[in-house]
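The values are calculated or read from the model by the stated rules, or taken from the named source; none is laboratory data. Here the structure is a predicted model, which is why all the values come from computation and not from measurement. Glycine also receives a Cβ, built like all others from the backbone with ideal geometry; neighbour counts cover every protein chain displayed.
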Amino acid sequence: MTSDAWITTGVILVVLALLVRGRISPAVTVFGGAVAVLVLGVIEAEEAFSGFSNSAPITVAALYVLAAGIEKTGALTPIMQSTLGDGDGYRRPLIRTLVPTAGASAFLNNTPIVAMLIPQVSTWANRRGLSVSKFLMPVSFAAVLGGLVTVIGTSTNLVVSGQMETLGLAEIGFFEIGKLGLPIAVVGLVVVIILAPRVLPERRSARTEMEEAGRRFSVEMIVEPGGAIDGQTVAEASLRNLSGLFLASVDRGDTTIAPVRPETVLRGGNRLHFVGPIDKVVELQEMRGLQSAELEHVLDLEDPSVSYYEAVVGSRSPLVGTNLKDVGFRSTYQAAVLGIHRSGQLLEGRIGTETIHVGDTLILVSDLGFRERWRDRADFLLVAPLDGTPPVATPRAWIPVTLLLAVVGLAATGLVPILEGSLVAAILLVASRVLSPLEARRAIDIEVIVVIASAFGLAAAMQASGLAASVATGLVDVFGDFGDRGVLLGLVLATIILTELVTNNAAALLMLPIAVSAAASTGLDPRGAAIAVAIAASASFLSPVGYQTNMMVYGPGGYRFTDYARLGWALTLTVLILTVALVPLLWAA
């Protein structure tokens with residue numbers, strides 16, 4: 001290899017190591033890699049930052065805005081509300097839910113789809129005594145599978161399509177990727193419906209953990225000085241035989257009374273420590289003479305009504321690595337954390353000093369506007385109300401739906417490219433006031449856009465330095481004895497492994513030059529090899545970190561890290577077999 005190839009190898013290895021460790025933002029890491037190959041003289045500035053002028057990240061940004069319009073207006077609510085049905089059991093509700101989820105994900109960013117379904121599915125399952133862990137992971141996997149059907153189904157498809165043009169190949173047609181993606185989606189859904197009820201364990205979700213007797217949480221209430229129960233005994237205040245709640249202790253400041261007796265006198269300012277399920281704690285807010293110690297900031301709001309939420313901490317959250325006390329959670333977010341759910345368990349002890357991890361689900365109480373304030377921010381990957389109430393379809397829901405259909409129809413017929421169509425649709429959503437300019441801006445995941453654009457620079461360095469050709473030669477040498485399908489198998493395996501370790505977009509952009517170079521050395525069609533990389537990079541089923549929707553259901557489903565492989569291995573094998581079998585047939589060299 002040339003010296004530039006060795007330099008590029010070193011930069012990429014450092015980038016991959018940092019992405020796997022997760023200590024630094026993926027956007028900063030990948031952008032830093034692009035700057036490194038520029039400064040070290042591997043490529044010129046035009047190549048290093050070519051991604052920022054490429055149509056792919058701009059199209060992805062516009063589609064984020066379009067998806068936000070559909071989510072805000074509740075356009076999909078009528079469809080999704082009728083999915084689960086009234087029956088019991090697992091497989092029939094799975095079929096009714098997964099098929100429309102996959103269908104919607106073929107044309108929309110799957111993040112808002114999964115975000116909308118999580119509270120609905122959780123509430124439905126809890127009411128029927130079913131484990132929500134049997135449903136939420138399949139929902140995420142169905143959303144991933146649906147994204148394989150069209151070029152706008154995932155940002156990865158658009159990224160590969162955008163880079164193909166720089167490699168001398170025509171961009172992917174709107175439904176072209178579906179020639180491979182649709183069979184994989186159909187077979188994958190069948191696999192999920194058959195295996196999910198059998199292989200997925202019955203985990204307790206964050207909500208269930210708090211409701212069941214074995215996993216209770218605590219909340220503190222303060223006796224209002226001069227209030228209705230100041231000076232009364234516990235029995236007189238009707239706090240002795242609360243339904244489902246237990247008064248564990250009374251903190252007078254200088255002394256703590258535990259256990260609490262019926263004759264214990266309550267004084268103004270006393271802190272009462274209750275334990276019990278979340279739905280019972282809500283009733284305490286309505287009792288005269290008590291105020292919540294957890295709601296000292298929320299109660300200052302104009303609207304005293306409160307609600308309870310699940311908030312999932314993502315990899316980009318500033319909360320990761322900190323604790324609630326250090327970040328001043330109550331004052332910063334105007335909410336109080338009542339419990340932290342991690343890896344299928346509710347943490348015990350002082351949660352205020354507990355270090356926050358990626359994937360943690362915070363059970364918190366706040367005002368009714370909390371979700372609107374934080375749902376489009378990096379702080380939380382998901383904010384879902386615990387009551388499972390879906391958004392109501394508004395009279396303006398027809399606007400984003402019409403715009404989406406227009407973008408799809410015009411792009412599919414070739415009349416208007418996806419870039420132009422999606423940009424016009426995004427502008428019209430703001431012009432028609434379906435979204436405000438601020439909402440449109442928040443809808444765009446800047447982290448993803450920067451990763452995509454920066455990874456183009458690394459891919460260009462691989463191509464210009466000859467690294468892609470060298471790696472491709474190595475793949476051909478190792479797998480070439482098994483023919484063209486053996487080389488394709490090596491490409492798909494490498495892409496799947498890379499996707500599970502780093503972001504899917506970065507994996508696709510790093511593997512695409514290698515795939516095209518490998519195809520040039522064999523009988524594979526470069527176009528087919530490129531589409532195989534796009535499919536493999538999007539098909540993340542083995543861990544919660546490989547795909548955003550997988551992380552979204554991690555806490556609400558009560559999953560452990562290893563649970564994903566229980567069902568994911570069968571889907572990964574499905575993708576592997578069908579890709580290797582079909583690509584040489586569908587795209588003949």
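Of the helices (runs of 4 or more DSSP H) lying entirely inside region 507-589, those containing at least 3 residues that are aliphatic (A, V, I, L, M) are 526-538, 563-586. Screening region 310-341 for residues that are touching a His at 6+ places or on another chain (Cβ under 9 Å) and at pLDDT below 80 and picking the one that is surrounded by the fewest Cβ atoms within 10 Å (Cβ to Cβ) gives Ser331.
If the condition is being in a helix (DSSP H, G or I), among the small types (Gly, Ala, Ser) and at pLDDT below 85, then region 89-115 contributes only Ala115. Screening the candidates Ile193, Ile184 for the property of being farther than 30 Å from Phe52 by Cα, surrounded by fewer than 21 Cβ atoms within 10 Å (Cβ to Cβ) and at pLDDT 90 or above yields one hit, Ile193. I want to confirm something. Restricting to region 352-384 and keeping residues that are under 17 Å from the mean Cα position of the chain (by Cα) and assigned to a strand (DSSP E or B), which single residue is surrounded by the most Cβ atoms within 10 Å (Cβ to Cβ)? The selected residue is Thr361.
For the structure I just gave you, tell me whether Ser540 is touching a helix residue (DSSP H, G or I) at 6+ places or on another chain (Cβ under 9 Å), of a type in the set (Ser, Thr, Tyr), crowded, with 19+ Cβ neighbours inside 10 Å and in contact (Cβ under 8 Å) with a residue 40 or more places away in the chain. Criteria met by Ser540. Going by the structure shown, is Leu435 surrounded by 17 or more Cβ atoms within 10 Å (Cβ to Cβ) and not in a helix (DSSP H, G or I)? Considered against the rule, which asks whether it is surrounded by 17 or more Cβ atoms within 10 Å (Cβ to Cβ) and not in a helix (DSSP H, G or I), Leu435 comes out as yes.
A quick yes/no check of all residues on (1) small (Gly, Ala, Ser); (2) surrounded by fewer than 22 Cβ atoms within 10 Å (Cβ to Cβ); (3) touching a residue at least 40 places away in the same chain (Cβ under 8 Å); (4) assigned to a helix (DSSP H, G or I):
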position: Leu117; (1), (2), (3), (4): no, no, no, yes
position: Ser140; (1), (2), (3), (4): yes, no, yes, yes
position: Ala143; (1), (2), (3), (4): yes, no, yes, yes
position: Val149; (1), (2), (3), (4): no, no, yes, no
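Please identify the pairs in which a residue from region 92-113 that is more than 25 Å from Ile418 (Cβ to Cβ) and free of Cβ contacts under 8 Å to residues at least 40 places away in the same chain has its Cβ atom under 9 Å from the Cβ atom of a residue that is outside any helix (DSSP H, G or I) and aliphatic (A, V, I, L, M), counting only partners at least 6 apart or on another chain. So the pair list comes out as Arg96/Leu84.
Could you look through region 162-181, keep only residues that are part of a helix (DSSP H, G or I) and at pLDDT 90 or above, and pick out the one that is surrounded by the fewest Cβ atoms within 10 Å (Cβ to Cβ)? Checked region 162-181; the qualifying residue surrounded by the fewest Cβ atoms within 10 Å (Cβ to Cβ) is Lys179.
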